[in-house]
Amino acid sequence: MSSRANPTDGIRDFPDFVARWEGLHGNVKATGVVLGWLRISFQVARGLSALRLTPNAITLIGVLFSVVLYLTSKSCFAIVFLLLSLIADGVDGSLALYSGRSSTQGALLDSVADRISELFWALALIRIGSPIWLALALLVLANTQEYARARLLSLGNYETGIVTWGERPHRAIYLGLALGLSHAHPALLTAFILVMVLNQSISLVMVLRSAYSQIRAKDRLSD
């Protein structure tokens with residue numbers, strides 16, 4: 001995800017990279033898998049920076065991988081392009097942070113790119129046998145969740161809310177499982193996508209409740 005913060009100077013070393021990442025994510029402590037991913041993305045970002053690639057270019061490459069994922073969704077190669085799309089989506093923000101190229105334009109491009117990519121994810125589900133209404137339901141629920149978060153942040157002095165099992169990385173994992181099921185057990189595909197829709201519905205409710213609670217709490221303080 002491309003930059004979501006004001007421009008910064010280039011990163012000095014890995015501890016500096018982690019510290020700035022934590023600052024951009026509500027000062028949450030990076031540990032475990034997250035710290036491991038940051039270590040990998042730091043090295044990748046350093047290599048991409050040496051190649052003079054820009055964060056926005058990586059964002060667009062991620063969208064391209066999603067298009068190819070859709071085109072190859074009936075083959076075993078689809079999983080590979082899903083992984084490449086996710087890597088690009090994660091590394092573009094790391095590159096922006098590493099190179100000091102964070103910008104509002106990059107954040108906007110990243111957000112639009114995510115929505116376009118997820119459109120092709122939904123089309124891929126339809127292509128492998130998902131009922132159209134289920135794939136569209138997933139797309140609408142996911143976009144509504146992301147819109148609610150973005151709208152809350154735009155109001156100022158609010159947090160993004162709780163982390164659910166319907167976040168974009170989780171949606172990618174579920175898509176990967178659906179792609180696998182389409183080859184191994186195609187008869188189970190529709191039932192699995194129904195579970196995906198249920199999960200996304202619960203996640204949306206959790207996000208909306210969190211947003212409502214924050215707004216209510218702030219309103220009480222202002223009274």
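Remarks
- Nearest-20 debye value, the chain charge dipole, Cβ charges on Lys, Arg, Asp, Glu: 80
- For region 130-136, backbone phi angles converted through the Karplus equation (6.51, -1.76, 1.60; θ = phi - 60°) give residue-by-residue couplings of 6, x, 4, 5, 6, 5, 5 Hz, Gly and Pro being listed as x.
- If you plug the beta carbon distance of Arg39 and Leu194 into 1/(1 + (r/R0)^6) with R0 = 30 Å, you get a FRET efficiency near 0.20.
- Relative contact order (%) - criterion: Cα under 8 Å, at least six apart; region: region 14-222: 20
- Using θ = phi - 60° and Karplus 6.51 cos²θ - 1.76 cosθ + 1.60, couplings along region 59-64 (whole Hz; Gly, Pro as x): 4, 5, 5, x, 5, 4
- Stokes-Einstein D (µm²/s) once Rh is taken as the Kirkwood radius of region 100-166 over alpha-carbon pairs, at 4 °C in 1.567 mPa s: 95
- Filtered GluC sites (Glu not before Pro), region 107-161: DSSP coil and at most 12 other beta carbons within 10 Å: Glu159
- Note on the chain: with a GNM built from Cα contacts shorter than 10 Å, the maximum mean-square fluctuation among Ser213, Ser49, Ser117 falls on Ser213.
- Three semi-axes of the equivalent ellipsoid, the chain, Cα gyration tensor, whole Å, largest first: 29, 25, 14
- Kirkwood Rh and Cα Rg combined as Rg over Rh, evaluated for region 37-130: 1.02
Just so you know, all these numbers are worked out from the coordinates, no wet-lab data involved. Please read these numbers as outputs of a predicted model, since none were measured by experiment. Using ideal geometry, Cβ is built from the backbone for each residue, glycine included, and neighbour counts are taken over all protein chains shown.
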